[in-house]
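**Q** Sharing a structure with you now.
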Amino acid sequence: MRRLDPTVSLFFLATVVSATSGGDWQQFRGPEGQGISAEKGLPIQWSAENNIAWKVKLPGAGASCPVTHGNRVFITCYSGYGLDAKDPGNMETLRRHLLCLDRSTSKTLWAKEFQPILPEHKYAGEGSYHGYAASTPLIDGERLYVFFGKSGIFCFDLAGREIWHSLVGKNTCGWGSGASPILYKDSLIVNASVESGALVALNKITGKEVWRSPGINSAWNTPILVTTPEQTHELVISVQNWVVSIDPDSGKERWRAEGVHRYVCPSVVAHAGVVYAIGGGSTALAVKAGGMGDVTKTHVLWRENKGSNVGSPIYHDGYLYWASDGGGVVFCQEAATGKVVYSERLKPDAGQIWASPVLADGKLYYVSKQNGIYVVAAEPKFRQLTNNVIEGDNSRSNASLAVSDGQLFLRNDQYLYCIGKR
């Protein structure tokens, strides 16, 4: 079913999550899954010759984001199949990879290679082109969790030793799998909409299933934990037609509100007990958390005909920010009312943007697929600050940035870059 290459590793102590550096970026979209970093003094300009601490050639492509823990950087890739749309090759040669790098030297500390459970989705059609390593790993301070769709979830210690492996479903979709795992107390929670049409919670120590919540349809987004006005916790996900809240302790549904009337890729964000969701088909809405049953008429605060098909939004100082997936247009929306404050085209033309933006030090970082990274002021008046292109590298970029300890980590289909101070 899978094979692991011999592992080269260095022994080191893993600290508990409460003792980790404040600069660690340990999951998809960073702390709390909101795409926001508290870092200051980050670079806003770089090039192939300037402000690059190092770059590493990766063993394959991927759309997953790098994650960091202390002096370690972790990243997933795939190789062997699905690297060229015109000639995808033989699916039997598909392999997935997990790397642990030393962030000071860029050297590989250990590496794993996985043989997937086949068949996977065919590499055909634009929706499949994010490939076979789209889920971002997660670190809890002691363990590393990696989701590979129908091939399952793997748990490793931080020295690369496998602790457990669990399956969450056997189905595939022509658009592949892309949601990333999150943690709640002792549970690892994953959106297995593609694999089994469910949210699945596993015990993070043993990998045993804790609960399964069905009815998660056409959802490629990562759920987030939301604190309600009553100071309880809800697990909120956007699925076709609905924004849904789940009790993270039991897996039982709490409420649902009319949502995006098509498949959903963007994750929701939340602030002060309000959930904000966007999606394709020009949809954006705000829902007050904490209800029960169908809360469409009682808790939906506003609904507007604007949205993004792929990238997730950012909430900052009373405004929502996101990029359209095509055309390089970025939006600012008033969070209290849904009123669009601006919609502006990035220059030069950004083309497609599939990555979710990141906010740090009052700046929004938008990663375009082919035309570099655009830095925009995080304020309700549009100000584009820079467009950073790494000359000589025209690789596709579908992953969001990771922000950690004064550095930005950018991955594309060929390289992992560490941008900023050495």
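**Q** May I ask you to list the residues in segment 205-232 that are surrounded by fewer than 17 Cβ atoms within 10 Å (Cβ to Cβ), part of a strand (DSSP E or B) and either among the β-branched types (Val, Ile, Thr) or modelled with pLDDT under 95 (or both)?
**A** Passing the criteria: only THR227.
**Q** State all residues of segment 142-177 that are under 19 Å from TYR129 (Cα atoms) and basic (Lys, Arg); if no residue qualifies, say none. I'd like the intermediate steps shown before the answer.
**A** First, the residues of segment 142-177 that are under 19 Å from TYR129 (Cα atoms): 147-151, 171-177.
Of everything in segment 142-177, just one residue is under 19 Å from TYR129 (Cα atoms) and basic (Lys, Arg), namely LYS150.
**Q** I'd like to know if segment 332-341 contains one or more residues that are closer than 25 Å to ALA134 by Cα, exposed (fewer than 15 other Cβ atoms within 10 Å of the Cβ) and not small (Gly, Ala, Ser). If you could, list the steps in order and put the result at the bottom.
**A** Going residue by residue through segment 332-341, those that are closer than 25 Å to ALA134 by Cα are none.
Within segment 332-341, none of the residues are closer than 25 Å to ALA134 by Cα, exposed (fewer than 15 other Cβ atoms within 10 Å of the Cβ) and not small (Gly, Ala, Ser).
**Q** Still on this structure, please answer the following. Within segment 221-242, is even one residue within 22 Å of PHE114 (Cβ to Cβ) and either touching a residue at least 40 places away in the same chain (Cβ under 8 Å) or among the polar types (S, T, N, Q) (or both)?
**A** yes
**Q** Considering segment 103-155 alone, what residues qualify as being part of a loop (DSSP other than H, G, I, E, B), among the aromatic types (Phe, Trp, Tyr) and within 21 Å of SER267 (Cβ to Cβ)? Lay out the reasoning, then the answer.
**A** Our first condition is that a residue be part of a loop (DSSP other than H, G, I, E, B); within segment 103-155, this holds for 103-107, 115-125, 129-137, 140-142, 148, 152.
Now narrow it down to the ones that are among the aromatic types (Phe, Trp, Tyr): 123, 129, 132, 148.
Once the filter is applied, which keeps residues that are part of a loop (DSSP other than H, G, I, E, B), among the aromatic types (Phe, Trp, Tyr) and within 21 Å of SER267 (Cβ to Cβ), segment 103-155 yields TYR129, TYR132, PHE148.
**Q** Next question, about the same structure. Looking at (1) among the aliphatic types (A, V, I, L, M); (2) buried (at least 20 other Cβ atoms within 10 Å of the Cβ); (3) part of a strand (DSSP E or B), which is the one condition that is false for LEU301?
**A** Every listed condition holds for LEU301 apart from (2).
**Q** Further question on the same structure: Can we say LEU385 is closer than 30 Å to SER128 by Cβ, in a strand (DSSP E or B), touching a residue at least 40 places away in the same chain (Cβ under 8 Å) and aliphatic (A, V, I, L, M)?
**A** Values: closer than 30 Å to SER128 by Cβ: no; in a strand (DSSP E or B): yes; touching a residue at least 40 places away in the same chain (Cβ under 8 Å): yes; aliphatic (A, V, I, L, M): yes.
Spelling it out, it is not the case that LEU385 is closer than 30 Å to SER128 by Cβ, in a strand (DSSP E or B), touching a residue at least 40 places away in the same chain (Cβ under 8 Å) and aliphatic (A, V, I, L, M).
**Q** Also: What tally of residues in segment 316-331 results from selecting those that are crowded, with 21+ Cβ neighbours inside 10 Å and at pLDDT 95 or above?
**A** Looking only at that region, the number is 7.
**Q** Among the residues of segment 127-179, count how many are farther than 23 Å from LEU410 by Cβ and among the β-branched types (Val, Ile, Thr).
**A** 4
**Q** If a residue has to be in contact with a Phe, Trp or Tyr (Cβ under 7 Å, 6 or more places away or on another chain) and not in a loop (DSSP other than H, G, I, E, B) to count, how many in segment 322-340 make the cut?
**A** 8
**Q** Now, a different point. Name the single residue, out of those in segment 31-71 being of a type in the set (Lys, Arg) and over 26 Å from SER177 (Cα atoms), that is surrounded by the most Cβ atoms within 10 Å (Cβ to Cβ). Reasoning before the result, please.
**A** To start, the set of residues in segment 31-71 that are of a type in the set (Lys, Arg) comprises 40, 55, 57.
If we keep only those that are over 26 Å from SER177 (Cα atoms) too, we end up with 40, 55.
Details: LYS40: 9, LYS55: 17.
For segment 31-71, the residue satisfying everything is LYS55.
**Q** Here is a follow-up. Does ALA19 qualify as being over 16 Å from the mean Cα position of the chain (by Cα), closer than 27 Å to TYR184 by Cα and modelled with pLDDT under 95? So that I can check it myself, show each step before the final result.
**A** On the way: over 16 Å from the mean Cα position of the chain (by Cα): yes; closer than 27 Å to TYR184 by Cα: yes; modelled with pLDDT under 95: yes.
When the stated conditions are applied, ALA19 passes them.
**Q** I'm told LEU42 meets every condition in (1) touching a residue at least 40 places away in the same chain (Cβ under 8 Å); (2) part of a strand (DSSP E or B); (3) over 21 Å from GLY125 (Cβ atoms) except one. Can you identify the failing condition by its number?
**A** (2)
**Q** Could you pull out the residue among SER368, SER312, SER343 that is modelled with pLDDT of 95 or more and either over 23 Å from SER37 (Cα atoms) or among the acidic types (Asp, Glu) (or both)?
**A** Working: SER368 fails: either over 23 Å from SER37 (Cα atoms) or among the acidic types (Asp, Glu) (or both); SER312 fails: either over 23 Å from SER37 (Cα atoms) or among the acidic types (Asp, Glu) (or both).
Unique residue meeting the criteria: SER343.
The values are calculated or read from the model by the stated rules, or taken from the named source; none is laboratory data. These numbers were taken from a predicted model, which means no experiment stands behind them. With ideal geometry, Cβ positions are generated from the backbone for all residues, glycine too; neighbour counts draw on all protein chains shown.
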